[in-house]
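J.: Here it is, the structure in full.
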Amino acid sequence: MHICGFFDSREQQYDVIIPYIMEGLGANDKVINILESDRHSEHCRCLADNGISIAKKMASGQLEILSSENSYIKDGKFAADKMYAMLENTLLSASRAGYDSVRACGDMVWALKNLPGTDELLAYEASLNELTPKYSCSLICMYDVSNFSQNTLAEVLLTHPYVIKDGKITKNPHYIEAAAVRAGFSDFESKPLKS
């Protein structure tokens, strides 16, 4: 599943992702969290406060906490094809390592920096819908509704089959297939993201 998570506070975000992470760690799932490096301490504290043995889970490889700066925006730019390849390699590696599934959640706040390549975000989001059916995985893209423009959120919504709003996951009636998204937003350069 490819899920768009709309949150209006960090508390609301953690109310959703903590059970998601805990369920994955309790099962035989690989769990990946991607967020800005300056949030890692707070994130780890929150996980530990909920009884997650971070050191143990990270040492075993079941839990990975990555930084946006070394994934989404490596070398100071977003390269959709490289991020897609990195994610696909992670899914393949997890399957080979014997995990039943992969659960990933990524905080999309990096996109507000308008670094080079950010205009590829919608194409990247759409492409994930061609990746997820090939692997046992669930991917939550977390968007803070107070920071992204309504236009950007509306466009992002088109690329996710499922949405989390007010803490509930539902099928997204606004979702359109990847090919249609690419056709509708063929000129991404003219659609910069706005905060």
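J.: Accessible area, 1.4 Å probe, largest first: how do Thr159, Thr170 sort?
T.: Largest accessible area first, the list is Thr170, Thr159.
J.: Can you find, among Ile3, Ser68, Ala97, the residue sitting farthest towards the positive end of the charge dipole of the chain, where Lys and Arg contribute +1 and Asp and Glu -1 at Cβ?
T.: Ala97
J.: Report the residue, chosen from Cys137, Cys46, Cys105, that carries the largest GNM mean-square fluctuation when the chain is represented by alpha-carbon nodes joined by springs under 10 Å.
T.: Cys46
J.: Build a GNM of the chain with springs between Cα atoms under 10 Å: which of Tyr143, Tyr162, Tyr99 gets the top mean-square fluctuation?
T.: Tyr99
J.: Please state, as a whole number in µm²/s, the translational diffusion coefficient that the Stokes-Einstein equation yields for the chain at 20 °C and 1.002 mPa s, with Rh defined as the Kirkwood radius across alpha carbon pairs.
T.: It comes out at roughly 126 µm²/s.
J.: Express the Stokes-Einstein translational diffusion coefficient of the stretch 1-74 in µm² s⁻¹, to the nearest whole number, given a Kirkwood radius over alpha-carbon pairs, 25 °C and a viscosity of 0.890 mPa s.
T.: Values: Rh = 13.0 Å.
Stokes-Einstein gives a translational diffusion coefficient of 188 µm²/s.
J.: What is the total of Lys pairs in the chain with C-alpha atoms under 15 Å apart, excluding same-chain pairs fewer than 8 positions apart? All intermediate terms of the calculation are to be shown ahead of the outcome.
T.: Working: Lys30/Lys56; Lys30/Lys57; Lys74/Lys82; Lys74/Lys113; Lys77/Lys113; Lys113/Lys191; Lys113/Lys194.
Total qualifying Lys-Lys pairs in the chain comes to 7.
J.: Just how far, in whole angstrom, is the stretch 75-151 from the stretch 4-48 if you go by their alpha carbon centroids?
T.: 15 Å
The values are calculated or read from the model by the stated rules, or taken from the named source; none is laboratory data. Being a predicted model, the structure only gives us computed values, none of them experimental. Glycine gets a Cβ as well: all are built from the backbone with ideal geometry, and neighbour counts include every protein chain shown. Protein only, heavy atoms only, side chains kept; ligands, DNA and RNA dropped before computing areas. Shrake-Rupley method; radii C 1.70, N 1.55, O 1.52, S 1.80 Å.
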